[in-house]
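Take a look at the structure below.
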Amino acid sequence: MIWEGERRFGVAVRLDERDRRDIGGIKNILVDTPAGPRVPLAEVANLAVRGGSMNISRESGTRLAAIAVFIRGRDMGGIVQEAREKVAKNVVFPPGYYATFGGEFENQERAMKRLELIVPISVFLIFILLFNAFGSIRTAAVVLVNIPLAAIGGIVALYVTGIHLSVSAAVGFIALFGQAVLNGVVMVSYFADLRAEGHSPRDAVMTGAIVRLRTVLMTALLAMLGLLPMAMSHSIGSEVQKPLAVVVIGGLVSATLLTLLVLPALYYWVEQRALSPSER
């Protein structure tokens, strides 16, 4: 250790490779003493060959020993949950020792907590925009039904492809909800225009579904075909892109089919119930 006023510098001295091989030679290295004479190192130190760590890691001022795990064929959350249960059941730590799970899992856990807040806010904002566009809570709620219809396809797509839920897949669900609502707006807005022109709910639904069929299909196919290369990718980085693309494509398949079949029927049912008995 070398001191320069208040500054301290750590100094490490290392012998050549050929000199380090002979512990006897190391013991005979002469060391200066305060009195002047030089004495062998063995007289002032105990020398022995021992095994030890190549480096000592610290985090927040605490010694750290890290174990890296590479996961294949399992979801990260399930692996960590199983590891936690087994560690709690089979491992007894000495006083002052504890185990934590970090790295990519820690980042995923943090992102998922943020998404738990972001997703409800996103759905609420979509509802506000729909209400502002249609001026009717009833009509806005009908369009919002497209969200669970789309989620069905996204979940099934993840299950069929064997992809586990991740941050990328969760972001894909948010993008899917927006696209599904767009298809619903395209369909229901035309229904509302026909109703404003005096058409009955049945005529508005029948005419509007036929007219908007091509528009809805083109909108959905454009998004699905654009994401198809990402969904089929196996190159570096595909573990981030693929879940998002699979969720959007699978969700749009179900959302498009159900938008063309369920949404018109639901709109007709809601509008028919809103009519007075004389208007029916």
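Only the coordinates and a few stated rules stand behind these numbers; no lab work does. Remember, predicted model here, so these are calculated numbers, not experimental data. Neighbour counts are summed over all protein chains in view; Cβ atoms, including those assigned to glycine, are modelled from backbone coordinates with ideal geometry.
Points to keep in mind about this one:
- Separation of segment 136-200 and segment 58-121, taken as the distance between their Cα centroids, equals 35 angstrom.
- Nearest-20 debye value, the chain charge dipole, Cβ charges on Lys, Arg, Asp, Glu: 340 debye
- Three semi-axes of the equivalent ellipsoid, segment 128-206, Cα gyration tensor, whole Å, largest first: 31, 13, 8
- Candidates R138, R110, R72: whichever shows maximal mean-square fluctuation once the chain is modelled as a Gaussian network with Cα springs under 10 Å: R72
- Kirkwood Rh and Cα Rg combined as Rg/Rh, segment 130-280: 1.07
- Extension gain (nm, one decimal) between T215 and K89, 0.36 nm per residue minus Cα-Cα: 39.6 nm
- q = 0.07, 0.13 Å⁻¹, the chain: log10 I(q)/I(0) [Debye, one scatterer per Cα]: -0.52, -0.98
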